[in-house]
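Shown next, in structure tokens, is the structure this report addresses.
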Amino acid sequence: MQWHTNTLLYAQPAESRGWRRKKKKKKKKKKIRLLCHFSSQALFKCVIPSWLGGSLLRLGPGLFEVGAEPFNHLFDGQALMHKFELKNGNVTYYRKFLRTDAYVRAMIENRVVITEFGTAAYPDPCKNIFSRFFTYFKGIEVTDNCVVNIYPIGEDFYAVTETNYITKVDPDSLETLKKVDLCDYLSVNGVTAHPHIEADGTVYNIGNCFGKNMSLAYNIIKIPPVQKDRSDPIGRAEVMVQLPSSERLKPSYIHSFGMTENHFVFVEQPVKINLLKFLSAWSISGANYMDCFESNYSMGTWFHLATKVPAVYLSSHRFRTSAFNIFHHINTYEDQGFIVVDLCTWKGHEFVYSYLYLANLREEWDKVKSAAMTAPQPEVRRYVLPLDIHREAQGKNLVSLHYTTATAVLRSDGTVWLEPEVLFSVPRQAFEFPQINYSKCCGKKYCYAYGLGLNHFIPDRIVKLNVQTKETWMWQQEDSYPSEPLFIPTPGATEEDDGVLLSIVIKPGAARPSFLLVLDARELRELARAEVDTIIPVTLHGMFKPQSQHLTQA
């Protein structure tokens, strides 16, 4: 099982191995460009739906060592972009490394040059001791390794991570086009990899920033759709509303947020970034991002609300609950004066990313399971936030929705204590990387969520969850490891689950060890698979770019 686990998560692409073998040859840049691009005609079993045409674009780590220096964390691997192109009944697979500064400089110097999530970069060992010493005091160089997601802004497409850098890419050729620093346009130190995108192309996101008197805050930003003058929408980006931080110099880690038709929901979790450590230890002693995280169990978890029009922070609505980790929102909607928030949570305050160091995940299967037994327990939870917080007396449940057991109780200090309804909970079995019928249900009452089933952190199934009845369906095959399932609706469909799911599956040891899986979204019945003759490293998030202009966001 150890070999399977290693291959699933960390197999280096042939391009990276080939580049290192050939790196001393002449015309190096041309060699890199060719070797980083791979295409393979897929062998299809069964028949894909005739209406399904376009490109599945995915991002994930693809290179886990440079020269003699390994990367330490799953999120450190250099960004590799994948594309399955579906056209005229044929499927072709392509991939290419993003030519970010982090990647290009690492290839040139044959070492880790820019600090990543869990790996610190050190000065060039070939330099003398004085130049190495002063290098530590040049300030923090933030990574542009956009390994997490890809989404459209206007007519362009951007690969993203969670720093202030995003990378413009060509979704057809997979070429890297331009590095963009959002700090040039907005007061943010970074934004999440999971924006919300409205039907007209308006993009909303959230990031932290320094406010007045060096106080820490969270800014919700808005990037408008394509303008009549065809100007770059990023140039017209603006901060809509600012939310306060519970601690002045310790912002909470943010990976996603909720949005309804009229409100934004931000969940402030007890996993914190110690900015003093970030600013001092990093620049002096070579810390990495993970070294700057800490937990504050006593704060619990806070829910913040803001209205969209006008954009106003609702400071009087102070919602609190017990501590948990949160990475992915499933959906958020309004119903009868309440805001329903469905989340993938992990109990407690311990940071789940601590379990994603490569040294941990490369262990034998029994050791991986043993380590996971001490990790926070995953649960899908529903919280309900009342907009009228004075509808009942203190100490009484404010939630009157008939279909949920979630509660909200007003306390004497003015806060509202939340208790959730648990929608899915199995020991050490996570429902994560959630997807919905986004174009139809985002910000609206819904029924179905699709997710990646994690068995002690190992992705071994695809799960469909009815959030109203808690009924589940599952696709699973022995020694097969899927990625996040992306929902694509059938054109003209009226039913919420009328469509297909797309997932990249790794099957180590098979003659064709990777395939694109097409599932019927109603029954999780396999419709087709497109097999390729190469291992595809783990992918995190992505999107489907149809042949038409309509986009499906992951």
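The values are calculated or read from the model by the stated rules, or taken from the named source; none is laboratory data. Everything numeric in this text was worked out from a predicted model, so none of it was measured. Here the Cβ is made from the backbone with ideal geometry for all residues, glycine too, and neighbour counts use every protein chain on show. These accessible areas exclude ligands, DNA and RNA; they are computed on the full protein's heavy atoms, side chains included. Shrake-Rupley method; radii C 1.70, N 1.55, O 1.52, S 1.80 Å.
If you take the Cα centroid of segment 354-379 and the Cα centroid of segment 240-281, the two points sit 27 Å apart. Here's the list of aspartates and glutamates a cross-link from LYS96 could span, going by alpha-carbon distance under 12 Å and ignoring same-chain residues fewer than 8 apart: GLU15, ASP170, ASP172, GLU175. Within the set [x] 3, 16, 22, 20, 15, 11, 8, 4, 1, 0; [y] 3, 18, 29, 29, 16, 5, 1, 0; [z] 3, 17, 26, 24, 16, 9, 4, 1, 0, the number that P(r) over Cα pairs in 10 Å bins from 0, in percent takes when calculated for this structure is listed as [y]. The Rg/Rh ratio for segment 224-346, using Cα coordinates for both the radius of gyration and the Kirkwood hydrodynamic radius, is 1.04.
Here the chain is assigned +1 on the Cβ of each Lys and Arg and -1 on the Cβ of each Asp and Glu. Its dipole about the Cα centre then comes out at about 2140 debye. If r is the Cβ-Cβ distance from ALA359 to ASP170 and R0 is 56 Å, what FRET efficiency results, to the nearest 0.05? Step by step, r from the Cβ atoms, then E = 0.95.
Here segment 396-515 is treated as a Stokes sphere of Kirkwood radius computed over C-alpha pairs; at 37 °C and 0.692 mPa s its diffusion coefficient rounds to 197 µm²/s. Look at where the Cα atoms of segment 155-218 and of segment 457-500 average out, and the two centres are 29 Å apart. Could you give the distance between the Cα centres of segment 286-316 and segment 60-116, to the whole Å? Cα centroid to Cα centroid, the span is 31 Å. Ordered from largest to smallest accessible area (heavy atoms of protein chains, 1.4 Å probe), the residues SER480, SER370, SER173 come out as SER370, SER173, SER480. In the context of the full set of protein chains, the chain has a per residue accessible area of 40 Å² (1.4 Å probe). With θ taken as phi - 60° and the Karplus curve 6.51 cos²θ - 1.76 cosθ + 1.60 applied, the whole-hertz 3J(HN,Hα) list for segment 227-234 is 8, 4, 7, 6, 6, 5, x, 4 Hz, x standing for glycine and proline. Counting charges near PRO420 (Lys, Arg +1; Asp, Glu -1) among other residues having Cβ under 12 Å from its Cβ returns a value of -1. Measuring r between the beta carbons of VAL312 and ASP229 and using R0 = 30 Å, the FRET efficiency lands at 0.50. Near GLY53, the amide H atoms lying under 5 Å from its own belong to GLN547; only residues 5 or more places off or on other chains count, and H is placed 1.01 Å from N. Annotation for ASP200 and THR405: the two label points, set 7 Å from Cα along the Cα-Cβ direction, are 4.3 nm apart. Consider all pairwise Cα distances in segment 467-544 and report the whole-number % of them above 20 Å. Cα-Cα pairs in segment 467-544 separated by more than 20 Å: 36 percent.
Split the accessible area of the chain by element, probe 1.4 Å, and carbon with sulfur accounts for 51%. Normalising the average separation of contacting C-alpha pairs (under 8 angstrom, six or more residues apart) by the number of residues puts the relative contact order of the chain at 13 percent. Taking other residues whose beta carbon is less than 14 angstrom from the beta carbon of ALA237, and scoring Lys, Arg as +1 and Asp, Glu as -1, yields -3. Phi angles of segment 79-88 translate, via the Karplus equation with coefficients 6.51, -1.76, 1.60 and θ = phi - 60°, into HN-Hα couplings of 5, 10, 9, 10, 9, 9, 9, 9, 8, 6 Hz per residue; Gly and Pro are given as x.
The listed residues ILE273, ILE221 rank as ILE273, ILE221 when sorted by accessible area, largest first, using a 1.4 Å probe.
Say the dipole of the chain comes from +1 at the beta carbon of Lys and Arg and -1 at that of Asp and Glu; which of VAL312, ASN397, PRO485 then lies farthest toward its positive end? Sorting the options by dipole projection puts first PRO485. The relative contact order of segment 331-461, computed from alpha carbon pairs under 8 Å that lie at least 6 residues apart in sequence, is 25 percent.
LEU276 sits with roughly 100 Å² accessible to a 1.4 Å probe, with DNA, RNA and ligands left out of the calculation.
Scalar couplings 3J(HN,Hα) for segment 294-300, obtained by applying the Karplus form with A = 6.51, B = -1.76, C = 1.60 to θ = phi - 60°, are 8, 10, 10, 4, 5, 6, x Hz; x denotes Gly and Pro. Think of the chain as a dipole: +1 on every Lys or Arg Cβ, -1 on every Asp or Glu Cβ, centred on the Cα centre; then among ILE150, LEU86, VAL532, VAL532 lies furthest on the positive end.
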